[in-house]
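Notes follow the structure.
The values are calculated or read from the model by the stated rules, or taken from the named source; none is laboratory data. All figures in this text were calculated on a predicted structure; none of them were measured in a lab. Neighbour counts run over all protein chains shown; Cβ positions are idealised from the backbone, glycine included.
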């Protein structure tokens, strides 16, 4: 018998903090500042972007894709 798994959605502030930390670690302060300025200053239609990225995928479909990607080994 399969049991349902609970999907835990992280808090936005925590994801933002972790994302900025990774960007700074990878690009340095100057690169991160440039990246964030360029990305955050853009007007984005998030619904259109969502449609381009995910089309008709459900949350379950996206979750399965993430699980598949997470299980891949990078050499």
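Structure data summary
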item	result
Lone qualifier among 25, 48, 14 - being in a helix (DSSP H, G or I), touching a helix residue (DSSP H, G or I) at 6+ places or on another chain (Cβ under 9 Å) and modelled with pLDDT of 80 or more	25
Of all residues making up region 28-45, the number that are part of a helix (DSSP H, G or I) and under 24 Å from residue 65 (Cα atoms)	0
Residues satisfying the stated conditions in region 20-48, i.e. within 23 Å of residue 8 (Cα to Cα) and surrounded by 10 or more Cβ atoms within 10 Å (Cβ to Cβ)	20, 21, 22
